[in-house]
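The block underneath contains the structure these notes are about, expressed in structure tokens.
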Amino acid sequence: MQFELTEQQRMIKEAAADFAAREIVPIAAQIDEEERFPAEVVKKMGELGFMGMNVAEQYGGAGLDSVSYVLAMEEISKACASTGVIMSVNNSLVCWPIETYGTEAQKVRWLTPLAKGEKLGAYCLSEPGAGTDAAAQSTTAKKDGDSWVINGMKNFITNGANADTLLVFAQADPELKHKGILAFLVDADSEGFSVIRKEEKMGIRASDTAQLAFDNVRVDSDQQLGGDGQGFKVAMSTLDGGRIGIAAQALGISAAAYEASLEYSKQREQFGRPICKFQAIQWKIADMATRLDASRLLTYRAAWTKDQGARYSEEAAMAKLYASETSHFITNEAVQIFGGNGYSKEYPVERHFRDAKITEIYEGTSEAQRMVISSMELKK
Ligand code: CAA
């Protein structure tokens, strides 16, 4: 067993931390307050290779392993969880399925600009009536000659209002249930596509979360990703990787809140001494540090398992479940350690606290992760 990062992985982590400190930390509070999508930062991240980290170099990616991706995600999310999820969706939920299930022509046309960061992707699975029950798709795809016509509504779509490329899931034959679901690559400038509204959110306010409408959107048959009967498998296997990304995002949020709390506890004095001298705070620090480390180990293991080419659904679900619940715990303790200051927007732990909550919900709620984990355990 090897717990050391490779030289290359260390360099990626440092490069991401350095970029985040220079370009993201200074604007993180402001873009959260203004609900402003950080287009200029995302563009620079594309130029540096952060938007297609695992994609092969021949398709414009950085050709790195999943552990490197997780390390970078953690550092970017530590600075700003909104920027973290923008990056995660493009890498895990859009680039990965195109590289895995796409034809050569699809990789050249769709994957390459996404991996280079010239275009941005969104993953369109959730619907008003299809949240945890993802197979209950009511968006339809109807064959018409050599094309498909898509009709329906998607909601809670990260990057939805800023994306150029949409990975859309739609039901082509309800009688086949989940095997009737197909996946399509759709240009956001297609006729009939529109952004209905953007959500006003508690956290990750600088990333857009949109409701989208597809009104007779016509796509060519070569825009279908994966074969007939494969759409749900594309969706589910993609979410396995997405969950590793969200675990890393949660890890970044936890690390930011923990480090800020540690520092604050050494500075803040009450009863004539720094509050870190009190056991009440020391026990919090011990629990926060231990859970942070456990989240990190689970997340790195999930990424490592993916790199081994083995199935990683359970490892990904465990990492996401634990890291997200830990980010809730750690950010709550951080606000408590900061006291009144923690509740104020003057200190970043207030933002971390709000950002943490969504990691227990999107890309599968904690309850959905428990369903995945228990179903795999019971098969053993
Ligand atoms: N990889 C490959 N195939 C998989 C799979 C995986 N990880 N998981 C399931 N499948 C396959 C199964 O093998 C099965 O195939 P067969 O019929 O051929 O045997 C098929 O899919 C159906 O499997 P299940 O019976 O387990 O499916 P289910 O309908 O009972 O779903 C579930 C179970 C775990 C609840 C699943 O629906 C789920 O994960 N729900 C949560 C959805 C989710 O995460 N949504 C978030 C969307 S993205 C988002 O948050 C917004 C954003 O923009 C970030």
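The values are calculated or read from the model by the stated rules, or taken from the named source; none is laboratory data. Here the structure is a predicted model, which means the values were calculated and not measured. FYI the Cβ positions are ideal-geometry reconstructions off the backbone, even for glycines, and counts take in every protein chain you see. Accessible surface is based on the protein model in full, side chains and every heavy atom, while ligands, DNA and RNA are left aside. Shrake-Rupley method; radii C 1.70, N 1.55, O 1.52, S 1.80 Å.
So, in Å, what gap is there between the alpha-carbon centers of region 216-273 and region 1-64?
Using only Cα atoms, the two centres lie 14 Å from each other.
For helix 66-79, what angle does its Cα long axis make with the longest principal axis of the chain, in degrees from 0 to 90 and rounded to 10?
Taking Cα atoms only, the helix is inclined about 60 degrees.
By the scheme Lys and Arg +1, Asp and Glu -1, what is the net charge of all other residues having a beta-carbon under 15 Å from that of Met202? Working shown, then result.
Values: positive: Lys198, Lys201, Arg205, Lys345, Arg351, Arg354, Lys357; negative: Asp32, Glu33, Glu35, Glu199, Glu200, Asp208, Glu350, Asp355, Glu360.
Summing Lys/Arg as +1 and Asp/Glu as -1 gives -2.
So what's the angle, to the nearest 10 degrees on a 0 to 90 scale, between helix 279-307 and the longest Cα principal axis of the chain?
30 degrees
Rounded to the nearest 500, what is the 222 nm mean residue ellipticity of the chain from helices alone, with -39500 (n - 2.57) per DSSP H run of 4+ residues and division by all residues?
Values: 12 runs with 179 residues, N = 380.
Taking each H run of at least 4 residues, the total per residue is -15500 deg cm²/dmol.
What net charge do the residues around Glu363 carry, taking every other residue with its C-beta under 12 Å from that of Glu363, with Lys and Arg at +1 and Asp and Glu at -1? It would help to have the intermediate numbers written out before the result.
Details: positive: Arg243, Lys320; negative: Asp240, Glu360.
Charge balance in the 12 Å sphere: 0.
Using a 1.4 Å probe, what is the accessible area per residue for the chain, in Å²?
Working: 16790 Å² over 380 residues.
Here the residues of the chain average 44 Å² of exposed surface.
Could you work out how much longer the chain between Lys233 and Leu48 gets when fully extended? Use 0.36 nm per residue separation minus the Cα distance between them, nm to one decimal. Write down the numbers at each step before the final one.
Working: separation 185, 0.36 × 185 = 66.60 nm, distance 3.13 nm.
Contour length minus the Cα-Cα distance gives 63.5 nm.
May I ask you to give the percent of accessible area on region 229-380 that is carbon plus sulfur, with a probe radius of 1.4 Å? Don't jump to the answer; show the numbers that get you there.
Numbers: 3940 of 7010 Å².
Carbon-and-sulfur percentage of accessible area, whole number: 56.
Can you give the net charge of the other residues whose Cβ lies under 11 Å from the Cβ of Phe338, counting K and R as +1 and D and E as -1? Please report the intermediate quantities before stating the final value.
Numbers: positive: Arg268; negative: Glu263, Glu333, Glu346, Glu350.
Around Phe338, the charge tally is -3.
In the chain, what is the volume of the convex hull around the alpha carbon atoms, normalised per residue and reported in Å³? Present the calculation step by step, with values, prior to reporting the outcome.
Numbers: hull volume 52.3 nm³, N = 380.
It comes to 138 Å³ per residue, whole-number rounded.
Residue separation times 0.36 nm, minus the C-alpha to C-alpha distance between Val25 and Asp187: what's the value? Please report the intermediate quantities before stating the final value.
Numbers: separation 162, 0.36 × 162 = 58.32 nm, distance 3.22 nm.
Full extension of this stretch gives 55.1 nm more.
Return a whole-number percent for the relative contact order of the chain, with Cα pairs under 8 Å and 6 or more residues apart as the contact set.
Details: 755 pairs, mean separation 61.4, N = 380.
The value is 16 percent.
So what is the relative contact order for region 122-232, in percent, with contacts set as C-alpha pairs under 8 Å and at least six apart? Display every interim value, and only then the final one.
On the way: 272 pairs, mean separation 35.0, N = 111.
Contact order relative to length: 32 percent.
For Glu263 and Leu378, compute 0.36 nm times the residue count separating them, minus their Cα-Cα distance, and round to one decimal in nm.
Values: separation 115, 0.36 × 115 = 41.40 nm, distance 4.38 nm.
Result for the pair: 37.0 nm of gain on full extension.
Let me cross-check Val149: its accessible surface, 1.4 Å probe, with only protein heavy atoms counted, in Å² to the nearest 10?
Approximately 20 Å² of Val149 is accessible to the 1.4 Å probe.
Between Ser344 and Asp133, what is the spin-label point distance in nm, taking each point 7 Å from the Cα along the Cα→C-beta axis?
Result for the modelled spin labels: 4.8 nm.
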